[in-house]
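This report concerns only the one structure given below.
The values are calculated or read from the model by the stated rules, or taken from the named source; none is laboratory data. This is a predicted model, so every value here is computed, not measured. Cβ placement follows ideal geometry from the backbone for every residue including glycine, while neighbour counts extend to all protein chains displayed. Accessible surface areas use protein heavy atoms only, side chains included; no ligands, DNA or RNA. Shrake-Rupley method; radii C 1.70, N 1.55, O 1.52, S 1.80 Å.
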Amino acid sequence: MQKRIGVLWLGFLGMLLPLAAFSASPAKASEGQTLVIVLKNGKQQSFAMADVARIEFQGSGSTAAAAPGDLPGRGHFLGKWALGTGNGDDFYVTLEANGDASKSIGSVHHGTWTVVNGEAHITWDEGSYDAIRRVGNKWEKFWYPDASFSGKPNNVTGAEHIESKPI
């Protein structure tokens, strides 16, 4: 017998739909938590949470963290961010659920973004690249000259999530 301790909800066209229930076995604490996927036809499949790396929603560009403490998923980055320019000023970036990104600086304001290993990777249409990544207990923006998102960045500045958006 399983005791339900939570439900994963999926926002779709303005509605919240239950996607999966998380449960724990009261009989054996050593079994840990499980993820139970319940399909519309009533069939179920269970997975040990220890075996789940992440949950991806194909076609929506969304991911959800598998367990507390895991890397942040796409929903964490949605909304408006204040990012440093490198000369003491800030500009604003908005990351949308559909993968679009917009910024308040430069001649081209559009780009696309995705989450890679808990970081937001933004590819701007004019050919520059920003990564928003956690460094210690704060967020920083790394500006790169190419799409590798690694190596020495052109600059590193603070990043603050100032307005969240629901998935």
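Probing with 1.4 Å while keeping every protein chain in the model, the per residue accessible area of region 95-158 equals 51 Å². In this structure, Val108 and Val52 have a Cβ-Cβ separation that, at R0 = 30 Å, corresponds to a calculated FRET efficiency of about 0.20.
Between the amide H of Ile105 and those of Tyr92, distances stay under 5 Å, these residues lying 5 or more places away or on another chain, with hydrogens modeled in the peptide plane.
Heavy atoms only, probe 1.4 Å: what % of the accessible area of region 96-167 goes to carbon and sulfur, would you let me know?
Carbon plus sulfur share of accessible area: 51 percent.
At q = 0.15, 0.18, 0.21 Å⁻¹ the log10 of I(q)/I(0) for region 71-167 amounts to -0.50, -0.75, -1.08, computed by Debye summation with a single uniform scatterer per C-alpha, solvent ignored.
Electrostatic tally near Trp81: other residues with Cβ closer than 15 Å to its Cβ, Lys and Arg +1, Asp and Glu -1, net -1. Rg/Rh for region 118-167 stands at 0.98; both radii use Cα atoms, and Rh follows the Kirkwood definition. Please report the net charge: other residues with Cβ closer than 10 Å to the Cβ of Thr94, K and R +1, D and E -1. Charge balance in the 10 Å sphere: 0.
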